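Quick note: the coordinates plus some simple rules give every number you see, no bench work behind them. These numbers come from a predicted model, not from an experiment. Please note: Cβ atoms are built from the backbone with ideal geometry, for glycine as well, and neighbour counts cover all protein chains shown.
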Amino acid sequence: METIIGKSFKDQDVVIDDRCYVNCKFKNCKIIFTGGDHSLVDVQFENCQIMITGLASKTLQFLHAVGVLPQAAVPMPQLPDAGALH
């Protein structure tokens with residue numbers, strides 16, 4: 001897993017999967033999570049959007065279906081296939 005330390009991200013699409021972010025700042029970013037391994041240590045988010053797709057999206061759909069998460073908790077927009085993000 002790649003480790004990124006002390007970096008600031010602004011106005012970018014940032015894929016979280018397969019990375020460890022330590023002491024990083026994210027401002028006005030789209031944070032993309034597809035369900036892969038990741039680590040977030042002492043990170044800050046300011047005005048960011050979270051995009052959940054791929055296997056992570058399927059997990060949320062399952063949790064909604066079995067009633068663990070209420071439908072209103074996380075809107076489930078149609079998202080592009082995870083392969084299109086890499």
#### Entry: ASP17 among the acidic types (Asp, Glu) and over 15 Å from the mean Cα position of the chain (by Cα)
no
### Query
Of the residues that sit in region 5-32 and are touching a residue at least 24 places away in the same chain (Cβ under 8 Å) and touching a Leu at 6+ places or on another chain (Cβ under 7 Å), which one is nearest to THR53 (Cα to Cα)?
ILE32
